[in-house]
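**Q** If you scroll down you'll find the structure; I have some questions about it.
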């Protein structure tokens, strides 16, 4: 019998472990999950479906992670920084910018 943890299980445990390293959220930060209805463009629907299939994450997890990345990119951009993306080893990195 194989007792090695599944990749998804170890990734989720790492995420839980990482939460302990984060600063306490401000007092006005939501403390419970929120249910939100959004209208997704066809392109966003495809991206959500493809990302969930690629990562074995739920659509909720994909959206949560995407929002966190978006927040970090915008925060860096506000300070004059940004995030670079390199699609593969042969391509040049490009700066991700939101306007």
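Only the coordinates and a few stated rules stand behind these numbers; no lab work does. Every value quoted in this text rests on a predicted model; they were computed, and no experiment measured them. All Cβ positions, glycine included, derive from the backbone under ideal geometry; neighbour counts span all protein chains shown.
**Q** Tell me whether the stretch 36-99 comes out rounded, prolate or oblate; compute the Cα gyration tensor, take square roots of the eigenvalues as a ≥ b ≥ c, and use a/c under 1.5 as the rounded threshold.
**A** oblate
**Q** Let me check against my output: what whole-number percent is the relative contact order of the stretch 36-99, with C-alpha pairs under 8 Å and at least 6 apart?
**A** Details: 36 pairs, mean separation 11.4, N = 64.
Normalised by residue count, the contact order of the stretch 36-99 is 18 percent.
**Q** Got a sec? How would 51, 37 order by Cβ neighbour count within 10 Å, fewest to most?
**A** Fewest-to-most ranking of 51, 37: 37, 51.
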